[in-house]
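Data first, discussion second: the structure below is written as structure tokens.
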Amino acid sequence: MYSLSSERFNWAIVGSSGVARQFAYGISSTPGAGQLATVIARDPVRTELSAKAIGTTTWSTEFSDCLGQDVDGVYLAVPLGQHEDLAVAALNAGKATVVEKPLAIDGASARRIDQASKSTGAFCMEAMWPRFLPIYQELKQKASAGDLGEIRQFGACFSGAVHMDPSFGVFDGAQRGGALMHRACYGVSLARFLLGPITSVKTLGRLNETGADAHVALLLSHAAGATSSITASYETTTSDLVTLAGSRATVTLSPSLYRPTSGRLTPTHLNRLDRNIPSQEARKASVAWNWLRDRTAPLRALRRRGSPLRADLRGFGYGYQAAEVVRCVKAGEATSSIMPLTESIEIAEVLDDAYTQLQGTGPS
């Protein structure tokens, strides 16, 4: 069993980015998520500013300061290329370790992190925080209970036009920066969570002049026969909706893939084949028919609108995963059933395959 520093689980946050601060806000607003002990990052000015912004005066520029007796869990919000080294160091120190998504830069690195967790017995988890949000947990329960029938399709989009400055790690092509690793990974992980093992991936995309993918589209096949369509972009802005479709019903979540708070479950409506006689075809081709169809569309939609889903969201949503970590550690569990390392490795290998396919496209 783990030996906690106190009854209250103490976190060290490594990193001074917005994601690191949002994790801090999450643990402070979510029951059972622990408390912040220290903030650690390389730049002293940014680290102090981040610490003050989240309400603590305890900070450091030395990674070793998060490995002391007063820290129970380490949250790594660092560039992708640093994930493995820091995660292995934290695990070797016996710290429960949460690594910001994606878990590692490739599948081989993910397996080494997993091996460090197994050899030390220390808890480790990828910080794929949307899985832990209440509305995704409810959706998972409905799918498992058969409320949607046989699951057939999953669709997810994560887009938003951003200036891809290569000096930022998420846009560094040499470090697998781009939409695949930093945006599409959400959809791939949620597809694995809701539809089960992924058996194949087909990938299309566009690389910019620095080698980072600015836009990517993935088609996944699942072992149970379902398919998933994932798109992600740093150069376009579209609606980031999530759709899970079964033979009995479809659920659509909004307003975004990564932080949904509402949705709607709509029963599947089976249409009959319409063998129109010529006179009916002529009528339906008229301007008047199409005008009437458009005006009555809201009424038809109202008839089939289904039932609403709604889930409150604390803070930025990061606290739910932190609470799961605290629960697992206190129970002596080395991984979470919601985001097990075995699935993180599977997903890393899917991303490896997709990345290889992308490299064949070249800049455009």
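Side notes on the structure shown:
- Residue-span extension gain [Ala285 to Leu49] - 0.36 nm each, minus C-alpha spacing: 78.5 nm
- In the stretch 1-138, a dipole from Cβ-located charges (positive for Lys and Arg, negative for Asp and Glu) runs towards its positive end, and of Tyr25, Gly94, Tyr136 it is Tyr136 whose Cα lies farthest in that direction.
- Loop GluC sites (Glu not before Pro), the stretch 1-65 (other Cβ atoms within 10 Å of the site Cβ: 13 or fewer; DSSP): Glu7, Glu62
- Full extension of the chain between Ala108 and Ser229 gives 41.0 nm of extra length, using 0.36 nm per residue less the Cα-Cα distance.
- Listed candidates (1) 31.6; (2) 23.9; (3) 21.2 - label of the one calculated as mean projected area of the Cα convex hull in nm²: (3)
- Top of Pro298, Pro134, Pro197 by mean-square fluctuation, Gaussian network on the chain, Cα under 10 Å: Pro298
- Look at the Cα gyration tensor of the stretch 33-95: its axes a ≥ b ≥ c give a/c of at least 1.5 with a/b at or below b/c, and that counts as oblate.
- Using C-alpha pairs below 8 Å separated by at least 6 residues, the relative contact order for the stretch 67-116 is 41 percent.
- One Cα centroid belongs to the stretch 1-76, the other to the stretch 176-248; the line between them spans 31 Å.
- Here the simple spin-label model places points 7 Å from the Cα toward Cβ, and for Thr58 and Gln359 these points are separated by 4.3 nm.
- In the chain, a dipole from Cβ-located charges (positive for Lys and Arg, negative for Asp and Glu) runs towards its positive end, and of Gly177, Leu292, Thr252 it is Leu292 whose Cα lies farthest in that direction.
- Angle in degrees between helix 287-303 and the longest Cα principal axis of the chain, rounded to the nearest 10: 50 degrees
- Total lysine pairs whose alpha carbons fall under 27 Å of each other in the chain (8 or more apart, or interchain): 12
- Model label zone, Thr236; criterion: amide N under 19 Å from point 7 Å along Cα-to-beta-carbon; scope the stretch 171-202: 178-188, 202
- 19 Å cut-off, amide nitrogen to a point 7 angstrom out along Gln141 Cα→Cβ, residues in the stretch 241-262: 244, 249-254, 260-262
- Nearest 10 degrees, 0 to 90: helix 341-359 Cα axis against the chain principal axis: 70 degrees
- Rg and Dmax over the alpha-carbon atoms of the stretch 74-136 stand at 11.4, 35 Å.
- What the stretch 1-110 shows is 42 Å² of accessible area per residue, with the surface traced by a 1.4 Å probe over protein heavy atoms.
- Note on the stretch 1-127: semi-axes of the ellipsoid equivalent to its C-alpha gyration tensor, largest first and rounded to whole Å, are 22, 17, 13.
- Sorting Ser28, Ser64 by accessible area puts them as Ser28, Ser64; the probe is 1.4 Å, largest comes first, and only protein heavy atoms count.
- Treating each Cα of the stretch 129-249 as an identical point scatterer and summing with the Debye formula, the log10 of I(q)/I(0) at q = 0.09, 0.13, 0.20, 0.21 Å⁻¹ comes to -0.27, -0.53, -1.05, -1.12.
- Rounded D (µm²/s) - the stretch 44-197, Kirkwood Rh over Cα pairs, Stokes-Einstein at 37 °C, 0.692 mPa s: 185 µm²/s
- By the helix-only formula, in which each DSSP H run with n ≥ 4 contributes -39500 (n - 2.57) and the sum is divided by residues, the chain has a 222 nm mean residue ellipticity of -10500 deg cm²/dmol.
- Only Lys, Arg, Asp and Glu carry charge here, each on its Cβ (+1 for the first two, -1 for the last two); on that basis the chain has a dipole of about 2060 debye about its Cα centre.
- The chain: angle of helix 185-195 to the longest principal axis, Cα-based, in degrees nearest 10: 70 degrees
- The stretch 333-349-the stretch 87-162 distance, computed between alpha-carbon centres (Å): 6 Å
- Computed over neighbours whose Cβ is under 12 Å from that of Gly315, the net charge equals +2, Lys and Arg +1, Asp and Glu -1.
- Stretch gain in nm, segment Arg310-Ser337, where the contour uses 0.36 nm per residue and the Cα spacing is subtracted: 7.3 nm
The values are calculated or read from the model by the stated rules, or taken from the named source; none is laboratory data. Everything numeric in this text was worked out from a predicted model, so none of it was measured. Cβ sites come from the backbone with ideal geometry, for glycine too, and all protein chains shown count toward neighbours. We work out accessible area using only protein heavy atoms, side chains counted, and drop any ligands, DNA or RNA first. Shrake-Rupley method; radii C 1.70, N 1.55, O 1.52, S 1.80 Å.
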